[in-house]
Amino acid sequence: MAKVKLAESKINKIKEICASFGNKPGEAINVLHKVQGEFGYLPAEVQEVIAKELNVSVAQIYGIVTFYSFFTMLPKGEFPISVCTGTACYVRGAEKVLDEFKRELKIAVGQTTEDGKFSINCLRCVGACGLAPVVLVGEKVYGRVTPDGVREILKEYKEQ
């Protein structure tokens, strides 16, 4: 993976966020959450700054980032697509819906389209099992999605 060169302003923003949590190692998850909210993802270079500011090892920060599925080290698309693959969604055809998103966007799970518009990932249970299979685009929930409905969902965002 290519090394990201962080601008001084970004480094200062990360330091500011760390300081807002008292640079306490026990606040690592909160710091990571806030930093990801600011930058969209947590590349290794960002993790290194956080580790230094919280006075913990980079391995410790990396361990948190890789353990919790909420955190990502890859940039998400402008419209991140999440397909629920929990039991109810899976049984009702989530895999076929996921395959259709991959086919339409020509990317794999975890990837972002070249134009930066869309990214795809899977998640486990959004708590809307009655609407299975469920797809989220950003915060917007789509229920009872079929492979045929994928193109309609994408069309809504391609025009933006």
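Data for the structure
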| quantity | calculated |
| --- | --- |
| Residue in the range 93-100 that is within 30 Å of Gln47 (Cα to Cα) and surrounded by fewer than 16 Cβ atoms within 10 Å (Cβ to Cβ) present | no |
| Among residues of the range 75-99, those that are of a type outside the set (Lys, Arg) and in contact with a strand residue (DSSP E or B) (Cβ under 7 Å, 6 or more places away or on another chain), counted | 12 |
| Subset of the range 44-76 [part of a loop (DSSP other than H, G, I, E, B), loosely packed, with under 14 Cβ neighbours inside 10 Å and touching a helix residue (DSSP H, G or I) at 6+ places or on another chain (Cβ under 9 Å)] | Asn55, Ser57, Tyr68, Phe70 |
| Residue in the range 57-76 that is in contact with a Ser or Thr (Cβ under 9 Å, 6 or more places away or on another chain), β-branched (Val, Ile, Thr) and over 30 Å from Glu16 (Cβ atoms) present | no |
| Any hit, the range 86-102, residues being part of a loop (DSSP other than H, G, I, E, B) and at positive phi | yes |
| Single unsatisfied condition, Leu6 versus (1) surrounded by 17 or more Cβ atoms within 10 Å (Cβ to Cβ); (2) under 25 Å from Cys125 (Cα atoms); (3) modelled with pLDDT under 95 | (2) |
| In the range 114-134, the residues that are modelled with pLDDT of 95 or more and either polar (S, T, N, Q) or on the phi > 0 side of the Ramachandran plot (or both) | Ser119 |
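The values are calculated or read from the model by the stated rules, or taken from the named source; none is laboratory data. Keep in mind it's a predicted model, so treat the numbers as computed, not measured. FYI the Cβ positions are ideal-geometry reconstructions off the backbone, even for glycines, and counts take in every protein chain you see.
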